[in-house]
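Structure, as C-alpha coordinates:
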There are 2 protein chains.
Amino acid sequence: MAHLTVSVEYAIHCLLWLAGSAGAPLSSRDLAELQGISQSFLAKIFPKLEKAGIVVGSEGVRGGYRLARAPAEISVLQIVDAIEGDKPLFDCQEIRDRCAVFGDAPPVWATAGVCAIHAVMLKAEQAMRDELAAHTLADLAVTFAGKAPPEFILQVQDWMTERAGARKPGRQSKPEPPS
Amino acid sequence: MAHLTVSVEYAIHCLLWLAGSAGAPLSSRDLAELQGISQSFLAKIFPKLEKAGIVVGSEGVRGGYRLARAPAEISVLQIVDAIEGDKPLFDCQEIRDRCAVFGDAPPVWATAGVCAIHAVMLKAEQAMRDELAAHTLADLAVTFAGKAPPEFILQVQDWMTERAGARKPGRQSKPEPPS
DNA sequence: TAAACGCGGAGTCATATAGTCTGCGTTACC
DNA sequence: GGTAACGCAGACTATATGACTCCGCGTTTA
(Lines give C-alpha, C1' and ligand atoms only; values in the text may rest on other atoms or scores of the structure.)
Protein backbone atom coordinates (compact mmCIF):
# COMPACT_ATOMS: atom_id res chain seq x y z
CA MET A 1 0.00 0.00 0.00
CA ALA A 2 1.59 3.17 1.02
CA HIS A 3 3.40 4.12 4.11
CA LEU A 4 3.30 6.59 6.97
CA THR A 5 6.75 7.89 7.89
CA VAL A 6 8.62 7.19 11.10
CA SER A 7 8.33 10.89 11.87
CA VAL A 8 4.66 10.32 12.59
CA GLU A 9 5.51 7.49 14.92
CA TYR A 10 8.13 9.54 16.75
CA ALA A 11 5.73 12.46 17.03
CA ILE A 12 2.90 10.44 18.58
CA HIS A 13 5.23 8.75 21.06
CA CYS A 14 6.62 12.13 22.13
CA LEU A 15 3.20 13.71 22.40
CA LEU A 16 2.15 10.84 24.64
CA TRP A 17 5.01 11.69 26.98
CA LEU A 18 3.98 15.33 26.90
CA ALA A 19 0.42 14.32 27.71
CA GLY A 20 1.74 12.59 30.82
CA SER A 21 4.02 15.36 31.97
CA ALA A 22 1.25 17.51 33.44
CA GLY A 23 2.07 20.69 31.56
CA ALA A 24 5.79 20.73 32.41
CA PRO A 25 7.83 21.32 29.25
CA LEU A 26 10.06 18.49 28.02
CA SER A 27 13.02 19.12 25.77
CA SER A 28 13.32 17.32 22.45
CA ARG A 29 16.77 16.12 23.47
CA ASP A 30 15.45 14.44 26.61
CA LEU A 31 12.57 12.90 24.71
CA ALA A 32 14.94 11.52 22.10
CA GLU A 33 17.26 9.93 24.61
CA LEU A 34 14.42 8.57 26.71
CA GLN A 35 13.07 6.73 23.70
CA GLY A 36 16.35 5.81 22.09
CA ILE A 37 15.80 7.81 18.91
CA SER A 38 17.88 10.43 17.11
CA GLN A 39 18.08 13.83 18.79
CA SER A 40 18.78 15.85 15.66
CA PHE A 41 16.04 14.12 13.72
CA LEU A 42 13.49 14.65 16.44
CA ALA A 43 14.50 18.30 16.53
CA LYS A 44 13.20 18.62 12.98
CA ILE A 45 9.85 17.11 13.84
CA PHE A 46 8.77 19.38 16.67
CA PRO A 47 8.71 22.62 14.65
CA LYS A 48 6.09 21.00 12.43
CA LEU A 49 3.96 20.17 15.43
CA GLU A 50 4.39 23.71 16.65
CA LYS A 51 3.39 25.27 13.33
CA ALA A 52 0.28 23.08 13.39
CA GLY A 53 -0.62 24.45 16.82
CA ILE A 54 -0.32 21.11 18.59
CA VAL A 55 2.57 22.03 20.88
CA VAL A 56 4.08 25.27 22.07
CA GLY A 57 7.82 25.65 22.51
CA SER A 58 9.68 27.73 25.06
CA GLU A 59 13.26 28.76 24.43
CA GLY A 60 16.05 29.08 26.91
CA VAL A 61 17.66 26.82 29.46
CA ARG A 62 14.64 25.21 31.10
CA GLY A 63 12.66 25.35 27.90
CA GLY A 64 11.08 22.60 25.88
CA TYR A 65 7.68 21.70 24.50
CA ARG A 66 4.27 21.24 26.03
CA LEU A 67 0.88 20.44 24.54
CA ALA A 68 -1.03 23.41 23.20
CA ARG A 69 -4.36 21.94 24.31
CA ALA A 70 -5.87 19.00 26.18
CA PRO A 71 -4.95 15.50 24.95
CA ALA A 72 -8.61 14.77 24.27
CA GLU A 73 -8.58 17.63 21.77
CA ILE A 74 -5.63 16.27 19.79
CA SER A 75 -6.56 13.59 17.26
CA VAL A 76 -4.16 11.22 15.57
CA LEU A 77 -5.26 12.68 12.26
CA GLN A 78 -4.16 16.15 13.29
CA ILE A 79 -0.74 14.79 14.16
CA VAL A 80 -0.41 12.92 10.88
CA ASP A 81 -1.43 16.00 8.90
CA ALA A 82 0.98 18.17 10.86
CA ILE A 83 3.89 15.91 9.99
CA GLU A 84 3.08 14.70 6.50
CA GLY A 85 1.33 17.74 5.14
CA ASP A 86 -1.73 17.16 3.02
CA LYS A 87 -0.25 14.78 0.49
CA PRO A 88 -3.19 12.89 -0.98
CA LEU A 89 -3.36 9.10 -1.03
CA PHE A 90 -3.86 9.10 -4.77
CA ASP A 91 -2.50 11.51 -7.33
CA CYS A 92 -4.84 11.35 -10.34
CA GLN A 93 -3.00 11.72 -13.64
CA GLU A 94 -6.23 12.45 -15.55
CA ILE A 95 -5.54 9.67 -18.01
CA ARG A 96 -9.15 9.68 -19.13
CA ASP A 97 -8.73 12.83 -21.23
CA ARG A 98 -5.54 11.54 -22.80
CA CYS A 99 -7.35 8.95 -24.92
CA ALA A 100 -5.91 8.64 -28.42
CA VAL A 101 -9.26 8.81 -30.19
CA PHE A 102 -9.82 12.28 -28.78
CA GLY A 103 -6.79 13.72 -30.51
CA ASP A 104 -5.84 17.03 -28.98
CA ALA A 105 -9.32 18.04 -27.87
CA PRO A 106 -10.97 15.73 -25.31
CA PRO A 107 -14.76 16.18 -25.24
CA VAL A 108 -16.52 17.70 -22.27
CA TRP A 109 -18.13 14.47 -21.07
CA ALA A 110 -14.69 12.91 -20.62
CA THR A 111 -13.25 15.62 -18.40
CA ALA A 112 -16.35 16.65 -16.47
CA GLY A 113 -16.59 15.86 -12.78
CA VAL A 114 -14.23 13.65 -10.84
CA CYS A 115 -12.60 10.62 -12.43
CA ALA A 116 -14.47 7.50 -11.25
CA ILE A 117 -11.24 5.83 -10.16
CA HIS A 118 -10.18 8.95 -8.33
CA ALA A 119 -13.54 9.04 -6.58
CA VAL A 120 -13.03 5.55 -5.17
CA MET A 121 -9.59 6.49 -3.91
CA LEU A 122 -10.95 9.65 -2.30
CA LYS A 123 -13.56 7.60 -0.46
CA ALA A 124 -10.90 5.16 0.73
CA GLU A 125 -8.71 8.01 1.90
CA GLN A 126 -11.63 9.58 3.71
CA ALA A 127 -12.40 6.29 5.45
CA MET A 128 -8.84 6.15 6.69
CA ARG A 129 -8.89 9.76 7.82
CA ASP A 130 -12.18 9.25 9.63
CA GLU A 131 -10.66 6.40 11.57
CA LEU A 132 -7.58 8.42 12.45
CA ALA A 133 -9.74 11.34 13.52
CA ALA A 134 -11.71 9.05 15.82
CA HIS A 135 -8.73 8.47 18.09
CA THR A 136 -7.15 11.09 20.33
CA LEU A 137 -4.04 11.35 22.44
CA ALA A 138 -6.25 10.88 25.49
CA ASP A 139 -7.44 7.50 24.20
CA LEU A 140 -3.87 6.37 23.66
CA ALA A 141 -2.86 7.60 27.09
CA VAL A 142 -5.64 5.57 28.70
CA THR A 143 -4.53 2.42 26.88
CA PHE A 144 -0.98 3.05 27.97
CA ALA A 145 -1.96 3.70 31.58
CA GLY A 146 -3.77 0.39 31.60
CA LYS A 147 -0.58 -1.46 30.78
CA ALA A 148 2.15 0.38 32.66
CA PRO A 149 2.54 -0.28 36.41
CA PRO A 150 2.39 2.75 38.73
CA GLU A 151 6.07 2.54 39.60
CA PHE A 152 7.02 3.09 35.97
CA ILE A 153 5.83 6.70 36.10
CA LEU A 154 8.07 7.29 39.10
CA GLN A 155 11.03 5.65 37.40
CA VAL A 156 10.66 7.96 34.42
CA GLN A 157 10.37 11.00 36.65
CA ASP A 158 13.55 9.90 38.42
CA TRP A 159 15.27 9.50 35.10
CA MET A 160 14.22 13.00 34.08
CA THR A 161 15.35 14.69 37.27
CA GLU A 162 18.60 12.75 37.27
CA ARG A 163 19.26 13.99 33.77
CA ALA A 164 18.48 17.55 34.76
CA GLY A 165 20.70 17.22 37.81
CA ALA A 166 23.60 15.72 35.88
CA ARG A 167 23.68 18.81 33.74
CA LYS A 168 24.11 21.12 36.73
CA PRO A 169 27.75 21.04 37.87
CA GLY A 170 27.55 20.14 41.56
CA ARG A 171 25.64 16.87 41.67
CA GLN A 172 26.42 13.93 39.39
CA SER A 173 29.93 13.63 37.96
CA LYS A 174 29.07 12.89 34.36
CA PRO A 175 31.13 15.22 32.17
CA GLU A 176 30.26 13.17 29.10
CA PRO A 177 33.45 11.33 28.18
CA PRO A 178 34.16 12.26 24.55
CA SER A 179 33.32 9.07 22.68
CA MET B 1 -0.39 11.10 3.90
CA ALA B 2 1.00 8.41 1.77
CA HIS B 3 0.64 7.72 -1.86
CA LEU B 4 -0.54 5.03 -4.25
CA THR B 5 1.70 4.70 -7.28
CA VAL B 6 0.81 5.56 -10.85
CA SER B 7 1.15 1.87 -11.65
CA VAL B 8 -2.10 1.30 -9.80
CA GLU B 9 -3.78 4.02 -11.81
CA TYR B 10 -2.50 2.62 -15.10
CA ALA B 11 -3.59 -0.88 -14.10
CA ILE B 12 -7.15 0.09 -13.27
CA HIS B 13 -7.55 2.11 -16.43
CA CYS B 14 -6.30 -0.81 -18.51
CA LEU B 15 -8.49 -3.31 -16.72
CA LEU B 16 -11.48 -1.10 -17.45
CA TRP B 17 -10.70 -1.33 -21.13
CA LEU B 18 -10.36 -5.08 -20.82
CA ALA B 19 -13.71 -5.21 -19.06
CA GLY B 20 -15.25 -3.49 -22.07
CA SER B 21 -13.59 -5.62 -24.70
CA ALA B 22 -15.92 -8.59 -24.30
CA GLY B 23 -13.24 -11.21 -23.76
CA ALA B 24 -11.13 -10.26 -26.77
CA PRO B 25 -7.48 -9.94 -25.74
CA LEU B 26 -5.88 -6.49 -25.92
CA SER B 27 -2.15 -6.02 -26.18
CA SER B 28 -0.29 -3.91 -23.66
CA ARG B 29 1.19 -1.89 -26.52
CA ASP B 30 -2.24 -0.96 -27.86
CA LEU B 31 -3.51 -0.13 -24.40
CA ALA B 32 -0.51 2.11 -23.77
CA GLU B 33 -0.89 4.04 -26.99
CA LEU B 34 -4.66 4.32 -26.63
CA GLN B 35 -4.21 5.99 -23.27
CA GLY B 36 -1.07 7.96 -24.02
CA ILE B 37 1.13 6.22 -21.46
CA SER B 38 4.50 4.48 -21.72
CA GLN B 39 4.51 1.12 -23.50
CA SER B 40 7.58 -0.28 -21.78
CA PHE B 41 6.39 0.79 -18.37
CA LEU B 42 2.96 -0.70 -18.87
CA ALA B 43 4.65 -3.91 -20.00
CA LYS B 44 6.08 -4.23 -16.50
CA ILE B 45 2.72 -3.82 -14.83
CA PHE B 46 0.76 -6.57 -16.54
CA PRO B 47 2.90 -9.48 -15.33
CA LYS B 48 2.01 -8.44 -11.77
CA LEU B 49 -1.68 -8.57 -12.60
CA GLU B 50 -1.16 -11.94 -14.22
CA LYS B 51 0.70 -13.37 -11.21
CA ALA B 52 -2.17 -12.17 -9.03
CA GLY B 53 -4.63 -14.07 -11.20
CA ILE B 54 -6.48 -10.98 -12.39
CA VAL B 55 -5.63 -11.27 -16.07
CA VAL B 56 -4.41 -14.06 -18.33
CA GLY B 57 -1.94 -13.42 -21.10
CA SER B 58 -1.68 -15.12 -24.45
CA GLU B 59 1.54 -15.02 -26.41
CA GLY B 60 2.00 -14.79 -30.11
CA VAL B 61 0.85 -12.47 -32.87
CA ARG B 62 -2.79 -11.92 -31.96
CA GLY B 63 -2.06 -12.29 -28.27
CA GLY B 64 -2.64 -9.90 -25.42
CA TYR B 65 -4.40 -9.88 -22.08
CA ARG B 66 -7.94 -10.56 -21.00
CA LEU B 67 -9.65 -10.60 -17.62
CA ALA B 68 -9.31 -13.86 -15.69
CA ARG B 69 -12.80 -13.51 -14.24
CA ALA B 70 -15.91 -11.32 -14.39
CA PRO B 71 -15.44 -7.59 -13.65
CA ALA B 72 -17.82 -7.86 -10.72
CA GLU B 73 -15.40 -10.35 -9.15
CA ILE B 74 -12.41 -8.00 -9.36
CA SER B 75 -12.22 -5.47 -6.57
CA VAL B 76 -10.08 -2.35 -6.54
CA LEU B 77 -8.34 -3.72 -3.46
CA GLN B 78 -7.24 -6.82 -5.34
CA ILE B 79 -5.72 -4.65 -8.04
CA VAL B 80 -3.92 -2.44 -5.53
CA ASP B 81 -2.52 -5.45 -3.71
CA ALA B 82 -1.44 -7.05 -6.98
CA ILE B 83 0.58 -3.98 -7.92
CA GLU B 84 1.88 -2.69 -4.61
CA GLY B 85 2.32 -5.94 -2.76
CA ASP B 86 1.30 -6.04 0.87
CA LYS B 87 3.31 -3.10 2.13
CA PRO B 88 1.59 -1.98 5.35
CA LEU B 89 0.42 1.58 5.90
CA PHE B 90 2.43 1.84 9.08
CA ASP B 91 5.71 0.19 9.92
CA CYS B 92 5.90 0.01 13.73
CA GLN B 93 9.42 0.54 15.06
CA GLU B 94 8.54 -0.84 18.50
CA ILE B 95 9.81 2.26 20.21
CA ARG B 96 7.95 1.36 23.37
CA ASP B 97 10.48 -1.30 24.37
CA ARG B 98 13.40 0.99 23.66
CA CYS B 99 12.74 3.21 26.69
CA ALA B 100 15.94 4.29 28.44
CA VAL B 101 14.71 3.40 31.92
CA PHE B 102 14.38 -0.24 30.85
CA GLY B 103 18.06 -0.57 30.08
CA ASP B 104 18.69 -3.65 28.01
CA ALA B 105 15.78 -5.71 29.29
CA PRO B 106 12.32 -4.25 28.62
CA PRO B 107 9.69 -5.74 30.94
CA VAL B 108 6.94 -8.00 29.66
CA TRP B 109 4.13 -5.49 30.11
CA ALA B 110 5.87 -3.10 27.70
CA THR B 111 6.23 -5.53 24.82
CA ALA B 112 3.07 -7.58 25.23
CA GLY B 113 0.32 -7.31 22.65
CA VAL B 114 0.14 -4.75 19.87
CA CYS B 115 1.47 -1.22 20.37
CA ALA B 116 -1.51 1.10 20.97
CA ILE B 117 -0.37 3.47 18.25
CA HIS B 118 0.12 0.60 15.86
CA ALA B 119 -3.37 -0.62 16.66
CA VAL B 120 -4.90 2.69 15.60
CA MET B 121 -2.96 2.63 12.35
CA LEU B 122 -4.07 -0.93 11.67
CA LYS B 123 -7.69 0.09 12.12
CA ALA B 124 -7.22 3.03 9.77
CA GLU B 125 -5.58 0.80 7.18
CA GLN B 126 -8.39 -1.71 7.48
CA ALA B 127 -10.97 1.03 6.97
CA MET B 128 -9.23 2.04 3.78
CA ARG B 129 -8.96 -1.53 2.55
CA ASP B 130 -12.63 -2.17 3.31
CA GLU B 131 -13.57 0.79 1.17
CA LEU B 132 -11.33 -0.35 -1.68
CA ALA B 133 -12.75 -3.85 -1.44
CA ALA B 134 -16.27 -2.47 -1.70
CA HIS B 135 -15.74 -1.28 -5.26
CA THR B 136 -15.30 -3.56 -8.27
CA LEU B 137 -14.36 -3.12 -11.88
CA ALA B 138 -18.02 -3.62 -12.73
CA ASP B 139 -18.99 -0.60 -10.62
CA LEU B 140 -16.41 1.55 -12.36
CA ALA B 141 -17.53 0.31 -15.76
CA VAL B 142 -21.12 1.31 -14.97
CA THR B 143 -20.05 4.80 -13.96
CA PHE B 144 -18.04 5.11 -17.13
CA ALA B 145 -20.86 3.84 -19.32
CA GLY B 146 -23.10 6.49 -17.79
CA LYS B 147 -20.81 9.23 -19.04
CA ALA B 148 -19.54 8.06 -22.42
CA PRO B 149 -21.85 8.42 -25.43
CA PRO B 150 -22.60 5.25 -27.44
CA GLU B 151 -20.60 6.40 -30.44
CA PHE B 152 -17.44 6.52 -28.34
CA ILE B 153 -17.37 2.73 -28.07
CA LEU B 154 -17.53 2.49 -31.84
CA GLN B 155 -14.79 5.07 -32.27
CA VAL B 156 -12.49 3.05 -30.02
CA GLN B 157 -13.28 -0.14 -31.88
CA ASP B 158 -12.46 1.64 -35.13
CA TRP B 159 -9.21 2.85 -33.65
CA MET B 160 -8.32 -0.69 -32.60
CA THR B 161 -9.11 -2.30 -35.94
CA GLU B 162 -7.34 0.47 -37.80
CA ARG B 163 -4.26 -0.18 -35.69
CA ALA B 164 -4.46 -3.91 -36.37
CA GLY B 165 -4.96 -3.27 -40.07
CA ALA B 166 -2.07 -0.83 -40.33
CA ARG B 167 0.23 -3.55 -39.10
CA LYS B 168 -0.75 -5.97 -41.83
CA PRO B 169 1.00 -5.01 -45.07
CA GLY B 170 -1.77 -4.76 -47.60
CA ARG B 171 -4.23 -2.28 -46.14
CA GLN B 172 -3.11 1.01 -44.66
CA SER B 173 0.18 2.49 -45.85
CA LYS B 174 1.68 3.31 -42.51
CA PRO B 175 5.23 1.91 -42.48
CA GLU B 176 6.03 3.91 -39.32
CA PRO B 177 8.33 6.71 -40.50
CA PRO B 178 11.41 6.43 -38.27
CA SER B 179 11.05 9.53 -36.13
C1' DT C 1 28.91 34.32 30.74
C1' DA C 2 28.34 29.59 29.70
C1' DA C 3 25.28 25.97 29.01
C1' DA C 4 20.78 24.44 27.71
C1' DC C 5 17.22 25.38 24.92
C1' DG C 6 14.54 26.21 20.36
C1' DC C 7 15.17 27.43 15.55
C1' DG C 8 16.76 27.11 10.60
C1' DG C 9 19.35 25.64 6.63
C1' DA C 10 22.62 22.70 4.13
C1' DG C 11 24.32 18.36 3.21
C1' DT C 12 24.53 13.05 3.15
C1' DC C 13 23.07 8.36 2.23
C1' DA C 14 19.97 4.76 0.95
C1' DT C 15 15.89 3.31 -1.15
C1' DA C 16 12.05 3.53 -4.31
C1' DT C 17 9.49 5.22 -8.14
C1' DA C 18 9.05 5.83 -12.96
C1' DG C 19 10.91 5.06 -16.62
C1' DT C 20 14.08 3.03 -20.72
C1' DC C 21 16.45 -0.39 -23.44
C1' DT C 22 17.87 -4.39 -24.63
C1' DG C 23 17.11 -9.60 -25.76
C1' DC C 24 14.56 -14.16 -25.77
C1' DG C 25 10.82 -17.58 -26.76
C1' DT C 26 6.22 -18.08 -28.68
C1' DT C 27 2.65 -17.74 -32.06
C1' DA C 28 -0.09 -16.46 -36.12
C1' DC C 29 -0.26 -15.43 -40.81
C1' DC C 30 1.20 -14.88 -45.67
C1' DG D 1 9.06 -21.14 -43.15
C1' DG D 2 10.20 -16.59 -42.27
C1' DT D 3 8.69 -12.30 -40.36
C1' DA D 4 6.31 -9.52 -37.30
C1' DA D 5 3.50 -9.11 -33.34
C1' DC D 6 3.08 -10.73 -29.01
C1' DG D 7 4.43 -11.75 -23.83
C1' DC D 8 8.25 -12.06 -20.63
C1' DA D 9 12.50 -11.00 -18.10
C1' DG D 10 16.47 -8.57 -16.70
C1' DA D 11 19.70 -4.66 -16.58
C1' DC D 12 20.05 0.02 -16.57
C1' DT D 13 19.17 5.22 -15.36
C1' DA D 14 17.37 9.40 -13.32
C1' DT D 15 14.94 11.76 -10.02
C1' DA D 16 12.63 12.19 -5.65
C1' DT D 17 11.97 11.27 -1.02
C1' DG D 18 12.86 9.54 3.66
C1' DA D 19 15.88 9.40 7.39
C1' DC D 20 19.02 11.14 9.05
C1' DT D 21 23.64 14.46 10.42
C1' DC D 22 26.07 18.83 11.03
C1' DC D 23 26.56 23.61 11.82
C1' DG D 24 25.48 28.00 13.47
C1' DC D 25 22.37 31.57 15.38
C1' DG D 26 19.28 33.82 18.97
C1' DT D 27 17.23 33.28 23.45
C1' DT D 28 17.03 32.36 28.21
C1' DT D 29 18.31 31.09 32.81
C1' DA D 30 21.36 29.94 36.61
Q) Taking the stated definitions as given, is A:Lys123 among the basic types (Lys, Arg) and either under 25 Å from the mean Cα position of the chain (by Cα) or at pLDDT 90 or above (or both)? A) yes
Q | Close pairs (8 angstrom Cβ cut-off, 6 or more residues apart or separate chains): polar (S, T, N, Q) in the range A:42-65, part of a strand (DSSP E or B) and within 13 Å of DNA strand D (Cβ to nearest atom) anywhere | A | A:Ser58/A:Gly64
Q.
For the structure I just gave you, tell me whether A:Ser75 is touching a strand residue (DSSP E or B) at 6+ places or on another chain (Cβ under 8 Å) and of a type in the set (S, T, N, Q).
A. yes
Q | Hits in the range B:13-41 (condition: of a type in the set (A, V, I, L, M), over 16 Å from B:Val142 (Cβ atoms) and in contact (Cβ under 8 Å) with a residue 12 or more places away in the chain) | A | B:Ala24, B:Leu26, B:Leu31, B:Leu34, B:Ile37
Q: Please list, ordered by first then second residue, the pairs with beta carbon atoms under 6 Å, 6 or more apart or interchain, first in the range A:102-119 and touching a residue at least 40 places away in the same chain (Cβ under 8 Å), second assigned to a helix (DSSP H, G or I) and of a type in the set (Lys, Arg).
A: none
Q: Collect the residues in the range B:79-97 that are free of Cβ contacts under 8 Å to residues at least 40 places away in the same chain and either closer than 21 Å to B:Asp130 by Cβ or at the interface with chain A (Cβ under 8 Å from one of its Cβ atoms) (or both), keeping them in residue-number order.
A: B:Asp81, B:Gly85, B:Asp86, B:Lys87, B:Pro88, B:Phe90, B:Asp91, B:Cys92, B:Gln93, B:Ile95, B:Arg96
Q) Which of (1) within 16 Å of DNA strand D (Cβ to nearest atom); (2) closer than 30 Å to B:Glu151 by Cα does A:Phe102 not meet, given it meets every other one? A) (1)
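Considering the range B:140-169 alone, what residues qualify as being in contact (Cβ under 8 Å) with a residue 24 or more places away in the chain and facing chain A (nearest Cβ under 10 Å)?
B:Leu140, B:Ala141, B:Phe144, B:Val156, B:Trp159, B:Met160, B:Arg163
Is it the case that the range B:56-69 has a residue that's closer than 30 Å to A:Glu151 by Cα, at pLDDT 95 or above and surrounded by 14 or more Cβ atoms within 10 Å (Cβ to Cβ)?
no
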(Q) Looking at the range B:98-105, can you tell me whether even one residue there is within 7 Å of chain A (Cβ to nearest Cβ) and within 16 Å of DNA strand C (Cβ to nearest atom)? (A) yes
**Q.** Subset of the range A:1-12 that is under 9 Å from the mean Cα position of the chain (by Cα) and in contact (Cβ under 8 Å) with a residue 24 or more places away in the chain - its residue that is surrounded by the fewest Cβ atoms within 10 Å (Cβ to Cβ)
**A.** A:Ser7
Q) Residues of the range B:11-54 being closer than 18 Å to A:Phe102 by Cα, within 12 Å of DNA strand C (Cβ to nearest atom) and touching a Ser or Thr at 6+ places or on another chain (Cβ under 9 Å), which ones? A) B:Ala32
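The values are calculated or read from the model by the stated rules, or taken from the named source; none is laboratory data. Just so it is clear, the model here is predicted, and its values are computed rather than measured. Note that we place each Cβ from the backbone using ideal geometry, even for glycine, and neighbour counts take in every protein chain shown.
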